[in-house]
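The values are calculated or read from the model by the stated rules, or taken from the named source; none is laboratory data. Quick caveat: nothing in here was measured; it's all calculated off a predicted structure. We place every Cβ from the backbone using ideal geometry, glycine too, and count neighbours over all the protein chains shown.
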Amino acid sequence: MKPKFLLLAMCCSLSTITVGQTITKNGSSIIEATVCPEISISYSLTSIPNSFSGCTRKWVPTNGIVVGADNGLNVSIKWNDTPGAKAKLVCQFSNCGNSNSGTETSPFEELILSVKDQAWGSYGSTINLDYCNRPQVLVTVPRMFVQGTGGVAQPPLTEVSYAWTLPSGWREVDTGNTGFFGSQLNFVSIEPVNCAVPGQVTVYGTLVGAGPFCNSSARSAIATITMNGVSPAVAVLPPVGYSGGRACDSSPVVFTAGVNASLGCLTNYAWSFPSGWSGPTSTTTNTVSLMPNGTTAMAGTISVTVTASCGSSFSGSTTIGFTQPSISAPDIICSAGNFTLLNTASSPSMSWSSSNPTGLFINPTTGAYVPGSGFSGNVTISASACGVAAPSKIAYVGRPIINTGLQYVYIVGQQGALKTNLCTDRDYIARIDPVPGATSYSWTIPSTAFSINYPSTSSSISLLTLLRTGNFTIRCNAVNACGTSNQQQLVVNIQSCSGGGGNRATVNVFPNPSATQLVIESVQDAEANQSLDGQSSTIDFVARLYAPQGELVRVATSSEGKVQFETAELPNGLYVLKVSKAGKLMTSQISIKH
C-alpha cells in the first residue's frame, strides 16, 4: 500500500496543494488583524521541514507588491491603499525534487487599513453669518470609520482622524488653532478673530497622525462647509465730474468711502493722501473734505481704511492725476494778441516769458504779446501758473526769410552741381529746402521753357521741359500768413539731348493720386518694341520711386511691360517716379494720398 501523502500528491498533481507551513508577520499590528498601506512590512516562513529545504520559494501577495527578493525565507511586502481590501500572502514551492513541488503555504490574511477617497454622509454645507458679530459657530460632519472594521470576526471599529482647515480670520475656540490642524473629533467650534468674515471650512478623514498612525495612507474625500456672509470692500470715490488736479486749484474737494454693503458696525475711517492735500486723517463718517495746494504734489493715491466695531478693517484707494497747464498760442504770429494758459483753475497767477523779447515781447503777468517790428524767426514761449511750469511752445514770428546760405532751389538729382543742365522734353522735380515759418511756397516758372505737370504750393514742383533751349530762371518764394519771403532762384540750361523726348507716352502710370497701389505699364508701340530680327518684343524697363526727401522707397524691373508698387504703407506726400525705358528716362511726380 502506498503512503497516504503520495496518493494525495498523485491525485492532485495538476493543482496547488496547501500545506501547513506558517507565515509570520515581523512586528505587531497597529490594530489587531490589520496592516497599513504603502509601507514595507516584513514576513517570514517558520517551521520548515527538511523535505522543503531544497525547494525553490516564490512569495505571492494579493493586493500588494514584493519589495526586493521574492525567493527567500523572508520577504518585504508593500500593500496597496485599497478600501476594504484584504492583504493576502502565500509562499509557493517548486523544484523540490519530491512530492512537495507545486504546494504553497496556508495564506496569511489581514485587513488593509484605508480611507482612500471615502465619501462622507450627509452634512450641513452652508452657515449664514452676520459680519458685524463675533459668533461662535459649530461645524459638524458625520463620523467616518475605516471600511471593513468593527464587524463579526473583524478588527475593532476604527475611526479616522479629522484634518481641519479654517478660513483666514477664524480660530478654534478651545485651542486657538488657526489654518490647518488635526483633531480626533468630527466637529469643531470656531469663532472669528474680529468680525465674521466669509470663507470655507474644509475637513478630510485621514489615518495619518493621531489614531491609526498609517502615515503613508491616502486621505478621504474632502468635505466643504461654506460660511456665507458679506465680504466688505471699499472704494474711494471723487466727486462726479472731478478729473484730477490742476495748477492753482484751491477749492476743497469731498471724497467718499463707498462700501459695497450696508453695515451698521463701521466706526472709523482713516485717510491718507499726497502732500499736495491737507485735511483730517480720521473721520467717523464716510466722507472727507480735502484742500488742494494747486501744485504737482496733488498727484498720487488717496486711500482709506475702514474699521468696524467688531474689530476688522478693510481698505480702498483711488489715484489722482495732475494735468499740467498748456500754452495756447498760434504757430505763426503776425500781430499783437493774448496768449492763454489752459488746464488751470480760474484766475490763475501766471508768469510769462519770451526767449527773444525784442522779436516777441510778452507781458509777464497777463500774457499779452507784441511782435518786434521787422523781426522774423522762431521764439520760445514759456509760462507757469502758481509755480507749475507749462511745456514751452515754439512759434514763428513774422514773414519767412530764406537764408541763401542754407535754403536754395535745385533740381532733384542735381543738388550741389555747379551748373544745372536739363534736356528738352523731359520730366524734372524742382525743389527748395524747407524754410522756417513757411506754410506754403510760390513758384515762378518760365512758361516758354516749362509746363507744370502738377501745380503745387509745396516745397517741390513737377516740371516738363519744352522744346525751347537756352538759359532760364526758376524762382521761389516762401509764404505764411505774415507775408512773402525774399526770392530764391535757380538758372538752368536746357539743351536738346540725344535719346531724349519723343517717347514719353510709352509709359502709363495710374492711379495718381495713389492710395494702395501704383501701376507702371509700358505702352507697346511699333518703333520702341522692334527687336533686331524684326519681331515684336517688350522693352525692359526699371521703375524707381523716391520719397519727398529723396530716399529711394520702391524699385522694380520688368521684361513683361508692367510693374506694380504697393503704396498703402507709404506716408502721404508728393513722390518722384523715375522710369528708365529703352535708354530714355521719364520722371513724374506721384501723389500718395490715403
Is it true that SER347 is assigned to a strand (DSSP E or B), of a type in the set (S, T, N, Q) and closer than 25 Å to GLY244 by Cβ? no
Applying the selection to the range 561-594, what residues are of a type in the set (Gly, Ala, Ser) and farther than 14 Å from PHE510 by Cβ? GLY561, ALA568, GLY573, SER580, ALA582, GLY583
If only one of GLY300, GLY311, GLY276 is outside the structural domain of ILE381 (by TED's automatic domain parsing), on the phi > 0 side of the Ramachandran plot and without any contact (Cβ under 8 Å) to a residue 60 or more places away in the chain, which one is it? GLY300
Elements of type strands (runs of 3 or more DSSP E) contained in the range 437-531, each with 1 or more residues being at pLDDT below 85, under 29 Å from THR557 (Cβ atoms) and assigned by TED's automatic domain parsing to the domain that holds PHE541: 507-510, 517-522
Within the range 280-321, considering residues that are surrounded by fewer than 15 Cβ atoms within 10 Å (Cβ to Cβ) and β-branched (Val, Ile, Thr), the one farthest from THR344 (Cα to Cα): THR284
Can you find even one residue in the range 142-161 that is part of a strand (DSSP E or B), at pLDDT 95 or above and not aromatic (Phe, Trp, Tyr)? no
For residues that are among the small types (Gly, Ala, Ser) and not in a strand (DSSP E or B), tally how many sit in the range 162-183. 4
Of everything in the range 408-424 that's of a type in the set (Val, Ile, Thr) and assigned to a loop (DSSP other than H, G, I, E, B), which residue is nearest to ASN338 (Cα to Cα)? VAL412
Residues of the range 91-134 being hydroxyl-bearing (Ser, Thr, Tyr), free of Cβ contacts under 8 Å to residues at least 60 places away in the same chain and in contact with a Ser or Thr (Cβ under 7 Å, 6 or more places away or on another chain), in sequence order, are SER94, SER101
Top-ranked residue in the range 365-407 [being outside any loop (DSSP other than H, G, I, E, B) and among the polar types (S, T, N, Q); ranked as surrounded by the most Cβ atoms within 10 Å (Cβ to Cβ)]: SER384
Do you know which of the residues in the range 85-133 that are part of a loop (DSSP other than H, G, I, E, B) and of a type in the set (Phe, Trp, Tyr) is surrounded by the fewest Cβ atoms within 10 Å (Cβ to Cβ)? TYR123
Here the residues within the range 321-379 that are touching a Cys at 6+ places or on another chain (Cβ under 7 Å) and closer than 30 Å to MET291 by Cα are THR344, ALA345, PRO348, SER349
For the range 330-348, how many residues meet the condition of being crowded, with 19+ Cβ neighbours inside 10 Å and farther than 30 Å from THR256 by Cα? 3
Within the range 184-207, residues of a type in the set (Val, Ile, Thr), over 19 Å from ILE112 (Cα atoms) and assigned to a strand (DSSP E or B) come out as VAL188, ILE190, VAL201, THR202, VAL203
Is it fair to say SER355 is of a type outside the set (A, V, I, L, M, F, W, C), at pLDDT below 95 and out of contact with any Lys or Arg (no Cβ under 9 Å at 6 or more places or on another chain)? no
Members of the range 280-295 that are touching a Leu at 6+ places or on another chain (Cβ under 9 Å) and touching a residue at least 24 places away in the same chain (Cβ under 8 Å): ASN286
SER335 vs. criteria more than 30 Å from ASN268 (Cα to Cα) and among the hydroxyl-bearing types (Ser, Thr, Tyr): yes
So which residues in the range 551-560 are under 16 Å from VAL507 (Cα atoms) and either out of contact with any strand residue (DSSP E or B) (no Cβ under 8 Å at 6 or more places or on another chain) or in a loop (DSSP other than H, G, I, E, B) (or both)? SER559, GLU560
Would you please name the residue that is surrounded by the most Cβ atoms within 10 Å (Cβ to Cβ), looking only at residues in the range 36-84 that are charged (D, E, K, R) and assigned to a strand (DSSP E or B)? ARG57
Specify which of the listed residues (GLY583, GLY561, GLY550, GLY573) is at pLDDT 80 or above, on the phi > 0 side of the Ramachandran plot and in the same structural domain as GLU521 (by TED's automatic domain parsing). GLY573
